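Notes to accompany the following structure.
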Amino acid sequence: ADASMFGGHLFIHTTANPYSLVTPVTKIIREMAADEPVEHAATLEDIRAKVLAPDRLNSLVFGVFAGVALLIALVGVTGVLAFSVSARTREFGIRLALGSQPENLLKGVVAEGVVMAAVGVLAGAAFGLVVARVAGSYFGDLKMPGALPVIVSAFVLLGAAVVASMLPAARAARVDVIQALRSE
């Protein structure tokens, strides 16, 4: 094989354990050219793993940060709605006393959480677009994400808001009418 064609690399296709061939191949190469160095024997999987390791590390770090951000968002939505529910206990008691169904209160609080999340997603998307455009003017090779990741992220955030809204919503639906009317 022409060494310049493969940049000094020899590729061997085998179905056996590739590392078991290192010694025999090295011996054959030494017999052909004693001064030819043989070093860094590796499989294509090893090379691919080494090349992709920084990308995997970046993905892991960004994934952890995204998870922490999602957790903070969940805690924020839950906290705001819990405060809203506790401040509106009397209102919920009156609505229940007038015949409103607990399911309606539950749906209303969940809808409030979804609206908060939707406003946050829209504001975040607008802010992200502006920041990406500004950054794109400074860094020429910056790529915008496609529509699919943005849409999936928006649905994940909206779904997380629904989950975060459930606890305060359930609390609103279980308001004791008598105690709510006696408060304040």
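The values are calculated or read from the model by the stated rules, or taken from the named source; none is laboratory data. Because the structure is a prediction, the values reported are computed rather than measured. Quick reminder, even Gly has a Cβ in these numbers, built from the backbone with ideal geometry, and neighbours come from all protein chains shown. Areas reflect the complete protein model, heavy atoms only, side chains present, ligands, DNA and RNA absent. Shrake-Rupley method; radii C 1.70, N 1.55, O 1.52, S 1.80 Å.
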Exercise for the section: Tally the residues that are farther than 17 Å from residue 74 by Cα, open to solvent by less than 90 Å² (accessible area, probe 1.4 Å) and either of a type in the set (Gly, Ala, Ser) or part of a helix (DSSP H, G or I) (or both), restricting the search to the stretch 153-184. Expected result: 6
Exercise for the section: Out of 103, 91, 39, report the one residue that is over 30 Å from residue 155 (Cβ atoms), open to solvent by 80 Å² or more (accessible area, probe 1.4 Å) and of a type outside the set (A, V, I, L, M). Expected result: 39
Fill in the blank from the handout: The residue from 49, 111 that alone is in contact with a Lys or Arg (Cβ under 9 Å, 6 or more places away or on another chain), in a helix (DSSP H, G or I) and surrounded by 12 or more Cβ atoms within 10 Å (Cβ to Cβ) is 49
